[in-house]
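Report on the following structure.
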Amino acid sequence: MMKYVITGSIGHISKEIVVGLIKNGKQVSVITSSHDRVKEIESLGAKALVGALEDQSFVKKAYAGAEVVYTMSPPIWVTDNWRASQNVQYKSMTESIIANKVKYVVNLSSIGAEHKDGCGPVNGIHDFEVMLNAIPELNVKHLRPAYFLHNFLAQIGMIKGAGIMGGNFGGSDQKLLLTAYHDIAVAAVEELLSLNFKGTSHRYIVSDIRTTADVTKVLGAAVAKELPWIVFTDKDQAAGMLQAGLAPEIVKGYVEMGKALREGLMQTDVLNHLPPLGSIKLESFAKEFAAAFYA
């Protein structure tokens, strides 16, 4: 029986991955930073490993004996240097993979990860791809999803307070590539079970392709509102996020990512290598959006 280690606790994506692997008879351990998640992880049939990704000695022990590892970086909300903080986690995982001679890695990456700079938080994800690709004899598949549909949940407060949606991107006929958590999990389980990849490669994951006008129309209908999409300047976008309480370094990263979406930097390569679309469309997500709106 192959031993799998899953990074990312049992969040929206990782939980589906764990369930999928357990159903297929795999031995699964799950890294979590929270003792509160232990019982739920064990109830799924997996082993819980509690610790921090920044703790390389912990990660090295967690990866011991693993033949397959799923890697990702949990959100970092407090930092003076987002990329450097990401890289602490990435270096910890990389060194642990090397130390344990792990054979296969499925890594949650992002569109835009082919670029060294200019994509906000994806800049650090680029660094991790480079680190993993440099490991001799490692077989790694980078999953590169597009803009998360679930990111629109963060707009609920603005809808309720101002009756609008918006960002420093969109507002034209430009198509926005969208990805649902479920479709990422499906792709991850497929890659983790088949292990049908050698060397380094990547896989784009896109669930739907829509304009921001489509987004406001569909999500607005779901909550019985007519919503315009307002394109903010980078300066106004930053001011709004700072007012909402986000740390300046995080704001800087998200503004840069919005600019990369607006100017097409993040989407160029995936548009040239567009995969078959996943099963979850904007209309399907609208039901979840409405449930969150009225909660």
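Tabulated values for the structure
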| item | result |
| --- | --- |
| Test item: Cα-centred dipole of segment 1-101, Lys/Arg +1 and Asp/Glu -1 on Cβ, debye | 300 |
| Cα-based helix-to-principal-axis angle, 248-263 vs the chain, degrees rounded to 10 | 70 |
| Zero-based 5 Å bins, Cα pair distances in segment 76-212, whole percents | 2, 9, 15, 18, 20, 15, 10, 6, 3, 1, 0 |
| Descending semi-axes in Å of segment 167-236, equivalent ellipsoid built from Cα gyration tensor | 33, 16, 9 |
| Longest exposed-site-free window of the chain, the sites being GluC sites (Glu not before Pro) in a DSSP loop that have at most 12 other C-beta atoms within 10 Å | 1-136 |
| Ile230 long-range amide H proximity, modeled H, under 5 Å | Met165, Gly166, Gly167 |
| Helix 212-222 vs. the chain, principal-axis angle (Cα, 0 to 90°, nearest 10) | 90 |
| Segment 153-292 - convex hull of the alpha-carbon atoms, volume per residue in Å³ | 136 |
| Reachable aspartates and glutamates, given that their alpha-carbon falls under 14 Å from the alpha-carbon of Lys259 and they are not under 8 places away in the same chain | Asp117, Asp234, Asp236 |
| Segment 185-295 - accessible surface per residue (Å², probe 1.4 Å) | 52 |
| Arg262 - accessible surface, heavy atoms, 1.4 Å probe, Å² rounded to 10 | 80 |
| Nearest-ten-degree value, helix 82-99 long axis tilted from longest Cα axis of the chain | 20 |
| Accessible carbon and sulfur surface of the chain relative to its total accessible area, %, 1.4 Å | 54 |
| Per-selection Kirkwood Rh - segment 34-118 (Cα, Å, 1 d.p.) | 14.4 |
| Bins of 10 Å, starting at 0 and running to the largest distance - Cα pair percent for the chain | 6, 27, 35, 24, 8, 0 |
| Candidate residues Met241, Met158: accessible-area rank, largest first, probe 1.4 Å | Met158, Met241 |
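The values are calculated or read from the model by the stated rules, or taken from the named source; none is laboratory data. All values reported here derive from a predicted model rather than from experimental measurement. Every residue, glycine as well, gets a Cβ built from its backbone with ideal geometry; the counts of neighbours run over all protein chains shown. In case anyone asks, the SASA skips ligands and DNA or RNA and just uses the protein heavy atoms, side chains included. Shrake-Rupley method; radii C 1.70, N 1.55, O 1.52, S 1.80 Å.
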